[in-house]
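Presented below is the structure to which this report refers.
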Ligand SMILES: Nc1ncnc2c1ncn2[C@@H]1O[C@H](COP(=O)(O)OP(=O)(O)O)[C@@H](O)[C@H]1O
Ligand SMILES: O=C(O)C1=C[C@@H](OP(=O)(O)O)[C@@H](O)[C@H](O)C1
Ligand SMILES: [Mg+2]
């Protein structure tokens, strides 16, 4: 009997996995972009480990992100985040989803740039707001007008996220479709670097 042909979906996973090699894939972008949920799917498609830096920070500190912000403030949180992300990126391949402020911090951004291929999940304000408004776990949005705060963060941070290696538009489509778009971007990036 002949071998079954690879399906289109299988070949997407296989091609992305080959393109990534031993590098890490690091998801960056604003709160609500889908880094944590899409990253998990991407890792499972690529059959490589998935780590969410916020969950890792919560595990090592035995505190929630909100508790860390409340007890030590944002600056201390960023220092811990930088150390954790540096360690997570020491070996690859892995998919690492970062918290929204990670790539904005100079030290952490250097670790990410050195540690693998970065992907900015870029979304517009209404998409982000619809998603983050459902949960109140994000300390930076505990303000009088959280939507305006989110917009301010967009304005300040988007030029910095633009320094990521790849950009994928995060739209209101199923997370699995977003994960496929990340895989396609990894393949495209590899083709472009091979051609240059
Ligand atoms: N493509 C998507 N479609 C619908 N809901 C999504 C999508 N991506 C993420 N979400 C939802 O939006 C919320 C924020 O997603 P999350 O992955 O935590 O984002 P981030 O880690 O970037 O803050 C979660 O409730 C998640 O289920
Ligand atoms: O944008 C930020 O500075 C933050 C984003 C959060 O992660 P998500 O982007 O996964 O929500 C979390 O790290 C913390 O609340 C700070
Ligand atoms: Mg997250």
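Quick check, is residue 128 in contact (Cβ under 8 Å) with a residue 12 or more places away in the chain and out of contact with any helix residue (DSSP H, G or I) (no Cβ under 7 Å at 6 or more places or on another chain)? The answer is no for residue 128. Looking at 77, 50, 69, just one residue is within 22 Å of residue 183 (Cα to Cα) and within 16 Å of ligand 3 (Cβ to nearest atom), and that residue is 50. Screening residue 71 with (1) within 13 Å of ligand 2 (Cβ to nearest atom); (2) under 23 Å from residue 141 (Cβ atoms) gives one miss only, at (1). Sub-8 Å Cβ pairs linking a first residue in region 164-179 that is under 11 Å from residue 37 (Cα atoms) to a second residue that is modelled with pLDDT of 95 or more and part of a loop (DSSP other than H, G, I, E, B), at least 6 apart or interchain, are 175/34; 178/34, ordered by first then second residue.
Taking helices (runs of 4 or more DSSP H) as the structural unit, those lying wholly within region 97-196 and holding at least 1 residues that are closer than 11 Å to residue 28 by Cα correspond to 106-115, 146-161. All conditions but one from (1) modelled with pLDDT under 95; (2) crowded, with 18+ Cβ neighbours inside 10 Å apply to residue 39; the one that does not is (1). Report yes if some residue within region 108-123 is within 14 Å of ligand 2 (Cβ to nearest atom) and surrounded by fewer than 19 Cβ atoms within 10 Å (Cβ to Cβ); otherwise report no. No, region 108-123 contains no residue that is within 14 Å of ligand 2 (Cβ to nearest atom) and surrounded by fewer than 19 Cβ atoms within 10 Å (Cβ to Cβ). Being without any contact (Cβ under 8 Å) to a residue 40 or more places away in the chain and surrounded by fewer than 19 Cβ atoms within 10 Å (Cβ to Cβ) holds for only one residue in 133, 189, and it is 133.
Table: residues versus (1) surrounded by 12 or more Cβ atoms within 10 Å (Cβ to Cβ); (2) free of Cβ contacts under 8 Å to residues at least 40 places away in the same chain.
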site	(1), (2)
63	yes, yes
83	yes, yes
89	yes, no
98	yes, no
145	no, yes
149	yes, yes
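Beta carbons closer than 6 Å, at least 6 apart along the sequence or on distinct chains, pair a first residue in region 24-50 that is more than 15 Å from residue 117 (Cβ to Cβ) with a second that is away from ligand 2 (no atom under 15 Å from the Cβ) and not in a helix (DSSP H, G or I) for 49/94. Within region 163-181, is even one residue over 25 Å from residue 45 (Cα atoms) and either in contact with a strand residue (DSSP E or B) (Cβ under 6 Å, 6 or more places away or on another chain) or at pLDDT below 95 (or both)? Checked against the condition, which is being over 25 Å from residue 45 (Cα atoms) and either in contact with a strand residue (DSSP E or B) (Cβ under 6 Å, 6 or more places away or on another chain) or at pLDDT below 95 (or both), region 163-181 yields no hits at all.
The values are calculated or read from the model by the stated rules, or taken from the named source; none is laboratory data. Since we're looking at a predicted model, the values are computed, not measured. Cβ atoms come from the backbone with ideal geometry, glycine included; neighbour counts cover every protein chain shown.
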